[in-house]
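Values quoted throughout were computed directly from the atomic coordinates according to the rules given, and no laboratory measurement underlies them. Note that this is a predicted model, so its numbers are computed, not measured. When we count neighbours, we look across all protein chains shown, and the Cβ atoms used for this are built from the backbone with ideal geometry, even at glycine.
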Amino acid sequence: MTRFAEGPVESPGFLLWRTTMRWQRAIAASLAPLGLTHVQFVLLASAWWMSQHEAPNQVQLAAQAGTDIKMTSEVIGRLESKGLLSRAIDPADARAKILAVTPGGAALARRAIEIVEAADAEFFAAVDSRPLVQLLQTLAGVR
């Protein structure tokens with residue numbers, strides 16, 4: 001029935017699932033006091049980082065975060081209603097919306113990044129993260 005003699009504990013896919021679920025719970029718990037979900041954090045932090053170079057539009061942000069464009073738009077709407085970022089029509093393309101992180105959004109992004117990086121450090125402390133990062137870059141298709 002399975003090619004793994006010892007069952008799911010030898011399956012890379014199952015182990016990735018279990019690890020991801022455990023990591024996501026840790027990140028969600030660390031972000032809860034800030035009033036951010038994990039996806040809100042990823043999009044806010046990505047928008048903040050990207051805006052250091054050039055104001056991104058929603059499609060660029062979704063590509064950077066690896067998220068679905070429609071879901072990205074919905075989450076951006078929630079971040080906008082919280083006053084963390086704003087959207088404006090791109091003068092060069094009326095179909096595109098340019099994003100701007102508000103000063104409050106930038107401050108929250110920086111604080112959240114510190115908190116998430118601390119949670120990551122604690123979560124991954126048991127392993128040498130350098131080869132893990134290289135492996136994940138390969139699997140994520142970013143290297």
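Under the rule that an exposed site lies in a DSSP loop and has at most 12 other Cβ atoms within 10 Å, name the longest stretch of the chain with no GluC sites (Glu not before Pro) of that kind, not counting the sites themselves.
55-143
With one equal scatterer per alpha carbon and no solvent term, the Debye-computed log10 I(q)/I(0) for the chain at 0.16, 0.19, 0.21 1/Å reads -0.94, -1.19, -1.34.
When the P(r) is computed for segment 68-143, the part past 17 Å accounts for 65% of the Cα-Cα pairs.
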